[in-house]
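Just so it is clear, none of the values below were taken in a lab; they were calculated from the coordinates. Bear in mind the structure is a predicted one, so any value in this text is a computation, not a measurement. Every residue, glycine among them, receives a Cβ derived from its backbone with ideal geometry; neighbour counts consider all protein chains shown.
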Amino acid sequence: MTDILKIVQSRDPGEKEFHQAVHEVMETVKPVLDRNPQYRESGVLVRIVEPERTIIFQVPWMDDQGQIHINRGFRIQMNSAIGPYKGGLRFHPSVNLSILKFLAFEQVFKNALTTLAMGGGKGGSDFDPKGKSDNEVMRFCQAFMLELFRHIGPNTDVPAGDIGVGAREIGYLFGMYRKLANEFTGVLSGKGLGWGGSLIRPEATGYGCVYFASEMLSTQNKTLEGKICLVSGAGNVAQYTVEKLVEMGAKVISLSDSSGFICDEEGIDGKKLAFVKWLKNVRRGRIKDYVDKYSQSTYTEADSSLDYNPLWNRKADCAFPCATQNEINGKDALNLLRNNVGLVAEGSNMPSTPEAIDIFLDKKILYAPGKASNAGGVAVSGLEMAQNSMRLNWPREEVDGRLRFIMKNIHKTCLDAAEEYGLPGNYQAGANIASFVKVVNAMLDQGLV
Ligand code: NDP
Ligand code: 2IT
């Protein structure tokens, strides 16, 4: 165990997701620390694992029946050495300090990989938008922003979406910010196209993940054409991962939500995807309803008594986890390999447990860690910030071209850093090393602040 992990564990006992994320980065950057003793000596390691600021607040709101609810709101401002804090907001009942600190920590390194000037942050609430009316969601978002607005700003901290926070929530949050601050600035990303949003932002995480996968395959002179793909989740990232995979000629056979997963061996084509988008984004229904419409497909209910997820136990070539953290464990990883999967590109944040990652690395399959492969979302958020600052909107082709370029560049950065440290093809080490060096060098340049 690294010394720094011991410090984090004793300071923040019980924050298991945060410990997992710190451990993952610190283990892989050991060769960098050995080669550059100034990093250990300067105390930069203890600084990088401690949020610069943690804001926790009460969010009181009233439901449609007049009942009062108190949720907890958070914003973790993790590191601002290379730019304003930047990262999403998650609304989900599981949200706690540990989960948001792991996400904020990952975000610092992910944002550094994009090459754009963005520090790392994350926030959210244990509020559950599921089953709430639009008015309840609006009142919650307004109450949340009533406190958050004093801590953010276009040059300070720029939140965006994540699980449970999409276009609807960003709209309500922005409206309240605009009113409270009495200014119209690019304080949130993922905004509507008519009021400062960027083209391609909704698509960016999923598209970027597929661009990254395609780059990985090209190192083996392969393409996504004809590849059978497993995708988990059915939200923003999953939907646009499927869209781009279909466009590139792959066959996607699964989708899921927290209740279960569907399998469609005939492939989820553009028409079926349009139904999923309507089902999830408009009707806000469950993925189970897919089988009522497409009767050749099957639905499997989630079963928490199993120690593996049957979604990952299907014959396929590629896997794209796009739901949530720790959704692929060691057993799932072995099942994926046994079923012929040779590429895993993470759309979600930290979907693979440490055991699963070790199995992927040991078998030398193409494995892309989320901080590299899902960086397209925040990258286009960075482009949205740039467009807002200029008060200009770039066309779709321009933003998509920049996204492709950024993903290609991240892919190369990972490979080059891995190669430099004698770990060819290890994207996990490459992503951590390249981003860590960039952030700690900026911290050292700027002194002890
Ligand atoms: P959405 O809320 O749009 O979709 C989340 C999907 O994952 C839903 O299908 C949801 O099912 C499922 N899910 C959520 N929690 C769980 C759980 N505990 N167990 C099983 N399934 C679950 O979120 P996004 O698509 O935006 O986010 C998905 C992942 O991608 C997250 O890890 C997020 O951090 C990451 N990410 C998102 C980016 C973005 O730009 N949005 C950028 C980079 C990464 P249900 O409806 O039942 O809750
Ligand atoms: O995890 C992530 O990168 C996001 N949820 C997107 C963050 C952003 O600021 O666009």
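The fraction of all Cα pairs in the chain landing in successive 10 Å bins from 0 to the largest distance is 4, 22, 33, 28, 12, 1, 0, given as whole percents.
Extension gain, ASP416-SER218: 0.36 nm per intervening residue step, less the Cα-Cα distance, totals 69.7 nm. Residues whose amide H falls under 5 Å from that of TYR367, counting only those 5 or more places apart or on a different chain, are VAL344, TYR427, with hydrogens built in the peptide plane. Estimated purely from DSSP H runs of n ≥ 4, each contributing -39500 (n - 2.57), the mean residue ellipticity at 222 nm for the chain is -14000 deg cm²/dmol once divided by its residues. Taking Lys and Arg as +1 and Asp and Glu as -1, the other residues whose beta-carbon sits under 14 Å from that of LEU180 total +1. Scalar couplings 3J(HN,Hα) for segment 133-139, obtained by applying the Karplus form with A = 6.51, B = -1.76, C = 1.60 to θ = phi - 60°, are 6, 4, 5, 5, 4, 4, 5 Hz; x denotes Gly and Pro. Within the straight-line cut-off of under 28 Å between alpha carbons, the lysines reachable from LYS288 are LYS130, LYS132, LYS227, LYS244, LYS251, LYS271, LYS272, LYS277, LYS280, LYS315, LYS331, sequence neighbours fewer than 8 places apart in one chain being disregarded.
For LYS288 and ALA167, the difference between the fully extended length at 0.36 nm per residue and the C-alpha to C-alpha distance is 41.2 nm.
With K and R counted +1 and D and E -1, the other residues having a Cβ less than 13 Å from that of PHE405 yield a net charge of 0. Dividing the mean sequence gap of close Cα pairs (under 8 Å, 6+ apart) by how many residues the chain holds gives a relative contact order of 15 percent. Springs between Cα atoms under 10 Å define the GNM used for the chain, and in it the highest mean-square fluctuation of VAL44, VAL276, VAL341 occurs at VAL44.
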